[in-house]
Number of protein chains: 2
Amino acid sequence: MGRVFNFSAGPAALPVSVLERARDEMVDYQNSGMSVMEMSHRSKEYMAIIAKAEALVRKLMGIPKNYHVLFQQGGATMQFTTVPMNLISDPSTQSADYINTGSWSKKAIKEAKKQFANVRVAATSEEVNFSRIPTQDELKLNPESTYVHMTTNNTIFGTEFHYTPDTGSVPLVADMSSNILSRKLDVSRFGIIYAGAQKNLGPSGVTLVVVRDDLVGRNDGLPLMADYKAQAEKESMLNTPPTYAIYILGLVLEWMESKGGVEAMEKINIRKAAKLYSAIDASGFYGCPTQVESRSRMNIPFTLKDDGLNAAFLEQAKGAGLVTLKGHRSVGGMRASIYNAMPEEGVDALISFMQDFERKNG
Amino acid sequence: MGRVFNFSAGPAALPVSVLERARDEMVDYQNSGMSVMEMSHRSKEYMAIIAKAEALVRKLMGIPKNYHVLFQQGGATMQFTTVPMNLISDPSTQSADYINTGSWSKKAIKEAKKQFANVRVAATSEEVNFSRIPTQDELKLNPESTYVHMTTNNTIFGTEFHYTPDTGSVPLVADMSSNILSRKLDVSRFGIIYAGAQKNLGPSGVTLVVVRDDLVGRNDGLPLMADYKAQAEKESMLNTPPTYAIYILGLVLEWMESKGGVEAMEKINIRKAAKLYSAIDASGFYGCPTQVESRSRMNIPFTLKDDGLNAAFLEQAKGAGLVTLKGHRSVGGMRASIYNAMPEEGVDALISFMQDFERKNG
């Protein structure tokens, strides 16, 4: 078959122009006589690639100068440990507030508890199966906390923060793996932002970390791979970084810039999500488990009137070139992940297919 | 220019047939309609890719059934921490022996000391600038050690263990980043083997860990990304693995198998290294800082009679399509890294160039 529309939650669709360029440069990158994969990370050619990637991250996100930009390994899960390792100096007295909005928040909490005792849950929506995001008023924040942790978008449950919590002077730490660079953001409201790349940034295997400089270097003797200070001092070159993944991330950001940057992405993302939610809500056949005001623009779970039709839906969708639509087992039904790289035509094709399927099975 | 012979110490040259296949499959992997980079790590297609990579690792290395094969992130540096985290249960009483054969051994020691106090150096060749490997007789091993750690090949200093230390019943842990799969090996002599991929296995961003099952699960409450037990239970899918890097690693191993596996690689590697060392030794113009019996087959440092000629050598070599030959600052001069993927013609071309350069400048 030709290229499909891939609604995977991550790793996820990449812009085809990025893949074509990676293909064309694979065996001989810009007349260097070698692949990017083969380059010493300290070569002039590669140093230019990583510097450009960092510059694009800074430009597209509007990152203030007092933040470090790091390319790390281990995904968000590694950051679940790295954040407390760097911020908690006295595990017996310090505490942190976690906002629990789904599976990834829960994992972050579980990992934090291995590092220190006083992991407080400042709010949770578990009682409604994470179908909504707590409001600012619902956050029971402790002003003595060392930091507040949040998950800005919940891949599995299909919810998203549409506001940035006010945490006063307490640093806000955000796992933005699944909605980074999909919407405008005031980085200065955050102490640490991290994101596994495999949704909106590029391939899996690289994690973007943006960390304010006063949060770096609080603790000594950390393992090198979890030490923001050591990583910042060596500009992510403390050991061999995931060079090829960073190269692709750079290409994705170049593509994003050429499309008009985050503002343009946000406009399209709002339109794509609105279309799909409208089609679901207008139908008596499809349903969406999430509460309207908390709905994610990135991950859209939906159910069929009759679960017995799920298998036929998935099979026929695949036949129409619409793949990886099966929902997560915690929610059931379907899930369409429509990150930046999902073209609007992909959403249109999905909606057409859904309407057609409803006509035949409704 | 066309493809060059790239003598980089890592990331390093890959077989051109692997790169060509990656290029051809980049936009549409085997009629799936998507790139491997875009695949859900839990998709059927991707599960087949990672299963094949593991099967090839097991086959080519001859790994006994009581060993886990893990694909991890963070490079050897992450393992410097992960090994003691998994093996040392009581940091105040347990000890381990480290054999110090160069920069990477020293880093391993430094990271281990952050985890527990009794890090013993069982042997070192630092007094001769790591130009040789200690013999079995020189190892002052403590039979009460929890483990013995070694670096099997020293990328910077150009030395290699040509024997496997006898550690009795104490588990032997080996950093094999720079010579894994370059020579036959009895895996059952080791407790843990780990290797960053970017020298003999594939691109940077994935670390191969082979761990005997009795060394897994000794400690509870470890951070997930450093917990061999959790990683083994989830078959390296505890979170999103570096999917594309593992795919390329699989292609490299397929290539290796098609060439006759490790035995064939070892024969060629012996021949390539012997040629280059002979050319150096036969010349009055080039010198090699390493002692003959400890010389690495993978990384060959050499000096010119006159350091003032280094810049001209590098520039003219580059003109002849021979690149990344500059030596590490700890040793000086030149370094030719000739891993499995460096074809014999590359070594021949280097030797011709060196002889020509000597005629003109000797």
Qualifying residue in the stretch B:278-294 (condition: of a type in the set (Gly, Ala, Ser), modelled with pLDDT of 95 or more and not assigned by TED's automatic domain parsing to the domain that holds B:Ser337): no
Residues of the stretch A:213-243 satisfying the condition of being farther than 11 Å from A:Met85 by Cα and over 24 Å from the mean Cα position of the chain (by Cα): A:Asp214, A:Leu224, A:Ala230, A:Glu233, A:Lys234, A:Leu238, A:Asn239
Filter the stretch A:17-56 down to the residues that are farther than 15 Å from B:Val18 by Cα and of a type in the set (Lys, Arg) and list them by number. A:Arg21, A:Arg42, A:Lys44, A:Lys52
Being open to solvent by 10 Å² or more (accessible area, probe 1.4 Å) and either away from chain B (no Cβ under 11 Å) or small (Gly, Ala, Ser) (or both) is the filter here; which residues of the stretch A:45-55 pass it? A:Met47, A:Ala48, A:Ile49, A:Ile50, A:Ala51, A:Lys52, A:Glu54, A:Ala55
B:Glu38 - would you say it is open to solvent by less than 10 Å² (accessible area, probe 1.4 Å), over 12 Å from B:Gly250 (Cα atoms), within 10 Å of chain A (Cβ to nearest Cβ) and over 25 Å from the mean Cα position of the chain (by Cα)? yes
Name the single residue that is nearest to the chain's Cα centre (by Cα) among those in the stretch B:68-90 being more than 22 Å from B:Asn239 (Cβ to Cβ) and open to solvent by less than 10 Å² (accessible area, probe 1.4 Å). B:Pro84
Residue count, the stretch A:182-195 (criterion: closer than 23 Å to A:Asp213 by Cβ and either open to solvent by less than 10 Å² (accessible area, probe 1.4 Å) or among the aromatic types (Phe, Trp, Tyr) (or both)): 7
Among the residues of the stretch B:199-236, count how many are open to solvent by less than 10 Å² (accessible area, probe 1.4 Å) and within 20 Å of B:Asp90 (Cα to Cα). 3
Open to solvent by 10 Å² or more (accessible area, probe 1.4 Å) and at negative phi: is that true of A:Gly333 in this structure? no
Return the residues of the stretch B:285-308 that are surrounded by fewer than 17 Cβ atoms within 10 Å (Cβ to Cβ) and farther than 26 Å from B:Asn179 by Cα; say none if nothing qualifies. B:Lys305, B:Asp306, B:Asp307, B:Gly308
Residue within the stretch B:91-113 that is over 17 Å from B:Phe190 (Cβ atoms), assigned to a strand (DSSP E or B) and within 21 Å of the chain's Cα centre (by Cα) present: yes
Kindly check whether there is at least one residue in the stretch B:42-64 that is touching a residue at least 60 places away in the same chain (Cβ under 8 Å) and more than 25 Å from the chain's Cα centre (by Cα). yes
Tally the residues that are within 15 Å of the chain's Cα centre (by Cα) and part of a loop (DSSP other than H, G, I, E, B), restricting the search to the stretch A:330-354. 5
Residue list for the stretch B:10-35, restricted to those being buried (at least 20 other Cβ atoms within 10 Å of the Cβ) and more than 7 Å from chain A (Cβ to nearest Cβ): B:Val18, B:Tyr29, B:Ser32
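Quick grid of which residues meet (1) touching a Leu at 6+ places or on another chain (Cβ under 7 Å); (2) at pLDDT 95 or above; (3) not hydrophobic (A, V, I, L, M, F, W, C):
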position: B:Glu45; (1), (2), (3): no, yes, yes
position: B:Glu54; (1), (2), (3): no, yes, yes
position: B:Gly62; (1), (2), (3): no, yes, yes
position: B:Leu70; (1), (2), (3): no, yes, no
position: B:Met85; (1), (2), (3): yes, yes, no
Exactly one condition in (1) surrounded by 19 or more Cβ atoms within 10 Å (Cβ to Cβ); (2) in contact with a strand residue (DSSP E or B) (Cβ under 6 Å, 6 or more places away or on another chain); (3) polar (S, T, N, Q); (4) more than 14 Å from chain A (Cβ to nearest Cβ) is not met by B:Thr159; state its number. (2)
The residue from A:Ala273, A:Ala282 that alone is open to solvent by 20 Å² or more (accessible area, probe 1.4 Å) and aliphatic (A, V, I, L, M) is A:Ala282
Determine whether the stretch A:101-111 contains at least one residue that is β-branched (Val, Ile, Thr) and crowded, with 20+ Cβ neighbours inside 10 Å. yes
Considering residues that are open to solvent by less than 50 Å² (accessible area, probe 1.4 Å) and in a helix (DSSP H, G or I), the number found within the stretch A:255-270 is 8
Going residue by residue through the stretch A:5-28, is there one that turns out to be in contact with a Ser or Thr (Cβ under 7 Å, 6 or more places away or on another chain) and within 20 Å of B:Arg3 (Cα to Cα)? yes
Give me the pairs: first residue in the stretch A:72-84 and within 9 Å of another protein chain (Cβ to nearest Cβ) and of a type outside the set (D, E, K, R), second residue crowded, with 24+ Cβ neighbours inside 10 Å and in a helix (DSSP H, G or I), beta-carbon distance under 6 Å, and six or more apart or on different chains, which are they? A:Gly74/B:Met225; A:Thr77/B:Met225; A:Met78/B:Met225; A:Phe80/A:Ala108; A:Thr82/A:Ala226
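The values are calculated or read from the model by the stated rules, or taken from the named source; none is laboratory data. It should be emphasised that the depicted structure is a prediction, and the values quoted were computed from it without experimental measurement. Positions of Cβ are generated from backbone atoms using ideal geometry, with glycine treated the same way; all protein chains shown enter the neighbour counts. Side chains are part of the model used for accessible areas, which takes the heavy atoms of the whole protein and leaves out ligands, DNA and RNA. Shrake-Rupley method; radii C 1.70, N 1.55, O 1.52, S 1.80 Å.
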